[in-house]
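First up is the structure itself, then whatever we jot down about it.
Only the coordinates and a few stated rules stand behind these numbers; no lab work does. Bear in mind that the values here come from a model prediction, so they are computed numbers and not experimental data. In this analysis, Cβ positions are derived from the backbone assuming ideal geometry, glycine residues included, and neighbour counts consider all displayed protein chains.
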Amino acid sequence: MKKYNSYKELSAQKGTVVTLGSFDGVHLGHRSILKRLTQDTANNHLESVVLTFFPHPRMVLNQNEPIFLLNTIEEKSKLLEEIGVQHLVIQEFTKDFSELTAEEFVEQVLVKHFNIRKIIIGYDHRFGNNRSADIFDLIRLGNKYRFDVEQITAQEIDEVSISSTKIRKALLEGNVKVANEYLGSNYSLTGPVVKGKQLGRMIGFPTANISLAENYKLIPKKGAYVVKTLISDKEVWGMMNIGNNPTVNDAHILNIEVHLLDFSEDIYGEKITVELIDFLREEEKFNSLDELIAQLNKDREQTKNIVKKRSF
């Protein structure tokens, strides 16, 4: 897959089939559109283009309402490449870009640079300045500039209005299984393993502390989770805690700590991806370290039971 940091960097020689949007999460609803995109290009000897935006448009246009995203740009790019997209354009979303009229966008971006032959969009897509244009405007412009328009209906997207907003809500409520079902993959957190206070090691539960570089990445509900990761091509299961360590009075710092089962290698400095599988329990403040250790032992046994069930 070829990546571009602006629509101006792509001057397609071959005709293209295009889809566009934020694609946050690259969830099952998005995958319905992307599957049609890759099928169309293969059947008609064209090339596929995905136009996405960073920062997310809401980060620019609604700065008073912060939004946290399901994917970093790196994660999104990887998912789109796995699906088979040939060209990914990551367009910087600015106030100036948002002020392009619908026709300016079609003529300057889709026609001039993308050599568009067809566009595939979701059932609720709007575009242009103030999102003023809809499917009917797009069909009119398609007739004018000679490209086809295909709209994926809500019914085709599994008869469920799968949205990034619903997935964010599920994660913030600890409903990992629901979020993963909508995503079509496991929600994950990626970052380097950094040194912490090593309190976990002192009580028999050494942890890998993960640092997230991207402050816009959505962190799920505080609590304990069953997780898995891939280290040196080996699948390693564990339990993760997201929270402020209230038992040891670290309440002002949010920590992401993973205790890996049957694993003792030194991975400080390594970048790892942790996939969330299940939610174990809410974050708690215990009256003593002994109570905390007892609960961690229960968590570990529950984690092992969940892993064992998934192995059959």
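At-a-glance table
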| item | result |
| --- | --- |
| The stretch 2-164: antiparallel DSSP beta bridges as a percent of all, rounded to 5 | 5 |
| Extent along principal axes [Cα atoms of the stretch 165-236; Å; largest to smallest] | 39, 26, 23 |
| Burial ranking of peptide ranges 222-232, 2-12 (average Cβ count within 10 Å, highest at the top) | 222-232, 2-12 |
| Cβ-based charge dipole, the chain, positive-most Cα from 178, 26, 59 | 26 |
| Length-normalised contact order of the stretch 2-164 in % [C-alpha pairs under 8 Å, at least 6 apart] | 32 |
| Sequence-separation-based contact order of the chain, relative, with Cα cut under 8 Å and 6+ spacing, percent | 16 |
| Spherically averaged projected area in nm², based on the convex hull that wraps the Cα atoms of the chain | 18.0 |
| Cα centroid separation, the stretch 257-312 to the stretch 16-86 (Å) | 33 |
| Fewest-first sequence of 303, 94, 72, 38 by Cβ atoms within 10 Å of each Cβ | 94, 38, 72, 303 |
| Rg/Rg_globular for the stretch 186-310, with Rg_globular taken as 2.2 N^0.38 Å and Rg from C-alpha atoms | 0.99 |
| DSSP beta bridge pairing in the chain, given as percent antiparallel to the nearest 5 | 60 |
| For the stretch 2-164: rounded, prolate or oblate by the Cα gyration tensor [a/c cutoff 1.5] | rounded |
